[in-house]
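The values are calculated or read from the model by the stated rules, or taken from the named source; none is laboratory data. In this text, all values refer to a predicted model and were calculated from it rather than measured experimentally. Don't worry about glycine lacking a Cβ; one is built from the backbone with ideal geometry, like all the others, and counts go over all protein chains shown.
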Amino acid sequence: MKSFPASLQTHFDSGTTTLAWCWRLTRNDGAVFGFTDHDLSLAFDGSTFEPESGFTASEIRSGSDLSVDAQEAEGVLTSDIITETDILDGRWDNATVEIWRVNWQDTSSRALLRRGAIGQLRRGRLHFVAEMRSLAHVLGQTIGRTFQASCDAALGDARCGVDTNDPAFKATGTVLALSGDRGFSVSGLSGFTEGWFALGTLQWLTGANTGRRAEILSHAISGVNVIVTLLEEPIRPIEVGDAIDIFAGCDKRFETCRSKFANAVNFRGFPHIPGQDTIIRYAAKGDANAGAVL
């Protein structure tokens, strides 16, 4: 049973209430935003809760089992804080959400009813609907490793051990010309062989995408031009003159780990594990099923 602060409970018992919903969202980049369904701004705990966001919320649902409780908040895309571009760019994905019930005449009289995270976002032309998942959604995450031939570490993390800031694996360049919606020629990569940065990542240092990372599909050399093509088109446009840091790619194969990064000792895959073709093999005359190493 939910217990409330004495001042808020007294307000409930009075029979006449002045209550509002407040939502505080903390994005993964550290930015904090507050919204309320009241018609005036409210403030507490160092946050200001804006009334003009168009936020409206569904009922709060809670269950006694381990299923993920969810609530929905709907809003219009006219706020200066919530923009369609930021939603498409994933800046609101998995943002932490706090849901408060507040006496708007005395904001010190309030209760935290739910803490969770932003789940699925559905967009329309002029509005969005955000799913607010309870903390139980963390229980649905896969934990542990999978036996597989390829490496399951991320290039440069603690398990991998490769220094991605080594000049052999990193370069800084500038966009010289655009090629389609996700390709561009870039300076600063002339000392690297074709394909060196394929399946790698880049980070935008300037321009509309500053601070964002993108995955690289291919790295090609055409005459004097070095062409980089991204896996997905950026939400914000690429402009000539944008600066980037670009990092070498890894296809997660043992041969690549050994020859490209000299890091075979830290390879986190199982390259010698038998595959499905081994499982379905059967004895046949003249076949290699003689008990030797496969």
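A few comments on the model shown:
- Taking the criterion of being part of a helix (DSSP H, G or I) and not acidic (Asp, Glu), the residues of the stretch 246-267 that qualify are Phe254, Thr256, Cys257, Arg258, Ser259, Ala264, Val265, Asn266.
- Elements of type strands (runs of 3 or more DSSP E) contained in the stretch 60-171, each with 2 or more residues being more than 18 Å from the chain's Cα centre (by Cα) and modelled with pLDDT under 80: 70-76, 127-134
- Taken over the stretch 237-262, the criterion of being surrounded by 16 or more Cβ atoms within 10 Å (Cβ to Cβ) and within 15 Å of Arg182 (Cβ to Cβ) is satisfied by Ile238, Asp242, Ile244, Ile246.
- Annotation note: Cβ proximity below 6 Å between a residue of the stretch 164-185 that is assigned by TED's automatic domain parsing to the domain that holds Phe197 and touching a residue at least 40 places away in the same chain (Cβ under 8 Å) and a residue that is assigned to a loop (DSSP other than H, G, I, E, B) and of a type in the set (Phe, Trp, Tyr) (sequence gap 6+ or interchain) occurs for no pair.
- The number of residues in the stretch 16-50 being at pLDDT below 90, surrounded by fewer than 13 Cβ atoms within 10 Å (Cβ to Cβ) and in a strand (DSSP E or B) comes to 0.
- Matching residues in the stretch 202-215 - criterion: being surrounded by 14 or more Cβ atoms within 10 Å (Cβ to Cβ) and more than 16 Å from Gly188 (Cα to Cα): Gly207, Ala208, Asn209, Arg212, Ala214
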